[in-house]
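Beneath this line is the structure, given in structure tokens, with notes to follow.
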Amino acid sequence: MKAWLARAAANTVLRGEHPRNRIVRWSRWLPETPTVDASRFQGPGEPHPRHWRRSPRRWPALDPEDPGIRETLAIALDELPQPWRDVLIARDVTGRTVVETSEQQDVTPAQQRAMLNRARARLRERLAERFAGDDG
């Protein structure tokens, strides 16, 4: 039993996981969710691999007081996984630091940054769908 426990602890460290991290335990079985559809970028056989096929359209000037924008953001926030939403609100709404947010959410700073980036990208995607139309 001791050998198994030692191997499990060593494997956790080798994978770079925080041993008490509840996010990593369930998130590794979630499907990959790219922030932007890969078909929007040029492939390896094209002139500029990993660059935009076509630049996204510019957004019109948006008024933050517009009820449509508020509704879109509220719906997009509700669609986010709870850990992502908590990190986004802690960082962007309440203005907490990386360290404070990581401690509050019990995640490493790298995991917190990844959740924040994905949450922001999901919100941008929803706003783009609503106000700029489909560029795909």
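The values are calculated or read from the model by the stated rules, or taken from the named source; none is laboratory data. Note that the structure is a prediction, hence the values are computed from the model and not measured. Positions of Cβ are backbone-derived with ideal geometry, glycine not excepted, and every protein chain shown enters the neighbour counts.
Taking Pro81, is it at pLDDT below 85 and surrounded by 11 or more Cβ atoms within 10 Å (Cβ to Cβ)? Considered against the rule, which asks whether it is at pLDDT below 85 and surrounded by 11 or more Cβ atoms within 10 Å (Cβ to Cβ), Pro81 comes out as no.
Among Arg57, Arg70, Arg50, which is part of a helix (DSSP H, G or I) and modelled with pLDDT under 90? Only one candidate passes the filter, namely Arg70. Looking only at residues in the range 97-125 that are crowded, with 17+ Cβ neighbours inside 10 Å and basic (Lys, Arg), the one that is nearest to the chain's Cα centre (by Cα) is Arg118.
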